[in-house]
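The values are calculated or read from the model by the stated rules, or taken from the named source; none is laboratory data. Predicted model, so just to flag it, every value in this text is computed and none were measured. With ideal geometry, Cβ positions are generated from the backbone for all residues, glycine too; neighbour counts draw on all protein chains shown.
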Amino acid sequence: MAAIDLARQLKEKFGELLSEPQEFRSEITMRVGDPERIEEVCLFAKQSLGFDYLTDITSIDNYGDDPRFTLVYHLYGYGHLCPLRLKTDVSEAKSELPSVTKVWRTADWHEREIYDMMGIRFAGHGDLRRILMWDGYPYFPLRKEFPLAGRPSDLPEVAFTSAAPMAGGPFVTIAGGKDTISREPRVRIPDADSLGMNARVQRRQDIKQSHGRAHGPGPVEPK
Amino acid sequence: MALDRWSQSNSMAEVREFEFKEPATRLADARRMLEHAPELQPSGAQPDIPADKMVLNMGPSHPATHGVLRIVLELDGEIITKAMPDVGYLHRGDEKIAENMTYTQFIPYTDRLDYLAPLANNVAYVLAVEKLLGIDRQLPPRCQFIRVMCAELARISSHLLGLGSFAMDVGAMTVFLHTFTEREKVYNLCESLTGARFTTSYTRIGGLSRDLPPGWVEQCRKFCDEVMVNIDETETLLSRNRIFVDRTQGVAAISKEDAMDYGLTGPNLRGSGVQHDLRKTHPYLIYDQLDFDVPVGSTGDCYDRYLLRVEEMRQSVRILHQCLDKLPSGPVNVADTKIVLPPKERVLTRMEELIHHFINVTQGINAPPGEVYFAHENPKGELGFYINSKGGGTPYRLKIRSPSFVNLSILPHVLPGHMMSDVVAILGSLDFVMGECDR
């Protein structure tokens with residue numbers, strides 16, 4: 001049985017809740033219209049369609065769009081050897097959807113990681129703590145507005161409290177730009193930078209003020 | 001279907017009967033065993049006085065945690081009643097970093113995922129990007145053969161280390177030194193192939209950074225012969241070693257259902273009896289042209305996982321031999337200079353190549369919008385890259401599905417009911433690496 005047949009069976013069962021299966025590079029993707037029903041869809045996929053292995057769950061931050069977050073579930077069945085991708089959107093205001101830990105126990109750590117990195121909560125998870133960052137860390141680092149260089153946190157002498165050794169230097173690209181040109185340190189104009197909160201910009205100015213010069217030729221001044 | 005290629009007979013055909021117990025049952029059994037076995041108590045000891053449970057912090061810098069895993073154990077005497085793994089000490093934000101650089105610039109970061117098998121990570125990552133670009137079926141044959149050899153060398157190297165440190169953790173120091181001697185030769189091969197022993201960064205999107213150096217094929221053949229001897233010797237040191245067998249057989253048996261439910265992959269999944277190997281079920285590169293068997297365990301205990309890794313190394317050597325015999329000549333890169341950097345002398349003499357070089361380096365390879373997930377059978381399990389692209393030279397989101405992270409998530413289920421000293425055996429048999437777990 002091919003993945004597309006299984007996707008059609010799923011569509012038959014849930015009808016309008018699911019989008020038509022999309023195919024890209026021979027991978028099947030379906031969107032679940034209502035994130036509140038993701039657990040129900042997953043449970044059916046596991047029990048009736050044989051998707052007994054949850055490969056991965058991940059999240060995407062569509063910064064600037066609404067709904068802001070997209071959750072991506074990768075399902076796989078050892079019986080039929082077919083993968084299937086389910087996607088569902090969650091708004092920033094809600095930032096919550098049901099957990100699938102009761103369907104597959106492997107979802108536990110994946111959901112904790114998503115909570116840790118993007119701040120999306122999973123109702124019914126039971127143990128939703130940070131997993132990679134430490135307890136009490138105040139930010140969600142994989143969100144798009146979080147700068148690559150990090151932000152100071154209230155734990156002194158831990159990560160993100162001092163500038164990286166080459167920060168502001170001529171060969172260090174700048175985080176967060178749209179393309180490589182906007183990240184290129186030698187051509188960047190600070191005022192035109194779309195991500196004004198970029199910590200490295202500030203740092204570069206600090207270095208300039210304290211030492212009288214930044215490393216390298218410095219940013220091009222706006223005309 | 002590729003399934004008919006599965007090995008029907010393997011060296012582990014002898015099936016041992018085993019009862020899988022839930023942690024609560026295991027715990028009760030362990031307590032009962034201690035109560036009813038006076039010979040296990042020290043002679044002349046007073047009967048145990050019921051005491052509070054002790055919380056013991058194991059790691060993050062404990063030699064058996066192979067890096068920086070921390071486990072908070074709740075102990076009742078010597079029996080573990082609860083285990084809470086704490087990961088993230090090696091978190092470097094690789095996924096965040098990937099969003100901020102071109103696809104090619106991320107290749108060196110993949111070396112630092114599973115740093116015991118960097119070549120395999122390189123191969124996995126570029127295959128994922130190539131799938132996004134739609135060129136994964138157009139790779140030159142020589143490139144595919146070399147990549148398979150890289151992946152198998154990495155598997156041997158990773159399993160040698162895994163076995164060595166596993167054996168050392170349960171008391172067999174010799175094995176560790178023995179396998180490391182052989183691992184050194186893999187590093188030598190890596191060095192002559194890539195220029196680096198550890199951080200290889202060998203593959204490029206659409207090809208390889210360089211072709212095989214002269215004499216490498218002979219060197220590799222010699223290594224294949226030598227490592228087979230070493231594997232046999234290692235097995236004679238362990239497989240029937242009373243101490244090793246006592247410490248591993250029946251310890252941390254993971255049932256088929258649990259293994260699938262917790263998403264275990266690689267040797268840990270196959271040790272529990274699930275016949276699943278991505279090289280067979282979803283053959284990529286030239287794995288469908290190669291003849292090899294996939295060993296499967298029967299009880300899913302530490303001993304099975306050990307046996308399985310030994311056999312996997314033998315199969316890897318078999319694959320290496322076939323690749324070395326069949327190795328075709330020809331280019332190692334795809335011809336498209338919008339993907340692979342054009343040759344330097346043409347860059348310096350021709351306009352078009354100069355433009356391609358410039359765009360490739362400054363803006364990256366122009367990938368189409370879309371999303372792909374590519375899974376590679378890494379030594380530790382299924383290493384997957386999910387790439388979400390909005391077009392252009394950088395990924396919008398890159399998720400690394402690391403096998404070690406998922407394999408470790410079964411610890412709270414497996415550890416309770418075991419003795420404190422079993423922890424090192426269990427961790428050794430799960431064979432994880434924290435660089436990949438924490439990313």
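Kindly provide the set of residues from segment B:80-128 that are part of a loop (DSSP other than H, G, I, E, B), more than 30 Å from B:M54 (Cα to Cα) and in contact with a helix residue (DSSP H, G or I) (Cβ under 6 Å, 6 or more places away or on another chain), ordered by number.
B:Y103, B:R112, B:L113, B:D114, B:Y115, B:L116, B:A117
What helices (runs of 4 or more DSSP H) lie completely within segment B:366-439 and have 2 or more residues being facing another protein chain (nearest Cβ under 9 Å) and within 19 Å of B:D277 (Cα to Cα)?
Per the criteria, B:403-408.
What about B:E352, is it more than 13 Å from every other protein chain (Cβ to nearest Cβ) and either of a type in the set (D, E, K, R) or in a helix (DSSP H, G or I) (or both)?
Criteria met by B:E352.
Does A:G77 qualify as being under 21 Å from A:F44 (Cα atoms), among the small types (G, A, S) and either surrounded by fewer than 19 Cβ atoms within 10 Å (Cβ to Cβ) or facing another protein chain (nearest Cβ under 8 Å) (or both)?
No: the conditions fail for A:G77.
I'm trying to understand the selection: among the residues of segment B:58-83, which are under 23 Å from the mean Cα position of the chain (by Cα) and among the hydrophobic types (A, V, I, L, M, F, W, C)?
Selection gives B:A64, B:V68, B:L69, B:I71.
Here's the yes/no breakdown for (1) touching a Phe, Trp or Tyr at 6+ places or on another chain (Cβ under 7 Å); (2) farther than 27 Å from B:I339 by Cβ; (3) of a type in the set (S, T, Y); (4) assigned to a helix (DSSP H, G or I):
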residue: B:R142; (1), (2), (3), (4): no, no, no, yes
residue: B:I146; (1), (2), (3), (4): no, no, no, yes
residue: B:A167; (1), (2), (3), (4): yes, yes, no, yes
residue: B:V175; (1), (2), (3), (4): no, yes, no, yes
residue: B:T179; (1), (2), (3), (4): no, yes, yes, yes
residue: B:K185; (1), (2), (3), (4): yes, yes, no, yes
residue: B:N188; (1), (2), (3), (4): no, yes, no, yes
residue: B:E191; (1), (2), (3), (4): no, yes, no, yes
residue: B:A196; (1), (2), (3), (4): no, no, no, no
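Restricting to segment A:100-131, give me the number of residues that are part of a loop (DSSP other than H, G, I, E, B) and crowded, with 21+ Cβ neighbours inside 10 Å.
Result for segment A:100-131: 7.
Among the residues that make up segment B:232-240, is at least one of them more than 14 Å from chain A (Cβ to nearest Cβ), farther than 27 Å from B:M173 by Cα, charged (D, E, K, R) and part of a helix (DSSP H, G or I)?
The answer is no; no qualifying residue exists.
Within 26 Å of B:L127 (Cβ to Cβ), of a type outside the set (A, V, I, L, M) and surrounded by fewer than 21 Cβ atoms within 10 Å (Cβ to Cβ): does that describe B:R70?
Spelling it out, it is not the case that B:R70 is within 26 Å of B:L127 (Cβ to Cβ), of a type outside the set (A, V, I, L, M) and surrounded by fewer than 21 Cβ atoms within 10 Å (Cβ to Cβ).
Please work out which residue is nearest to B:R204 (Cα to Cα), limiting yourself to segment B:99-115 and to residues that are within 18 Å of the chain's Cα centre (by Cα) and surrounded by 24 or more Cβ atoms within 10 Å (Cβ to Cβ).
Applying the filter and picking the extreme gives B:T110.
Which condition number does B:G88 fail, the rest of (1) under 20 Å from B:G381 (Cα atoms); (2) at pLDDT 90 or above being met?
So B:G88 meets the others, but not (2).
So, in segment B:314-340, exactly how many residues are buried (at least 18 other Cβ atoms within 10 Å of the Cβ), aliphatic (A, V, I, L, M) and outside any helix (DSSP H, G or I)?
4
Collect the residues in segment B:254-278 that are outside any loop (DSSP other than H, G, I, E, B), within 13 Å of chain A (Cβ to nearest Cβ) and either hydroxyl-bearing (S, T, Y) or touching an Asp or Glu at 6+ places or on another chain (Cβ under 6 Å) (or both), keeping them in residue-number order.
B:M260, B:L278
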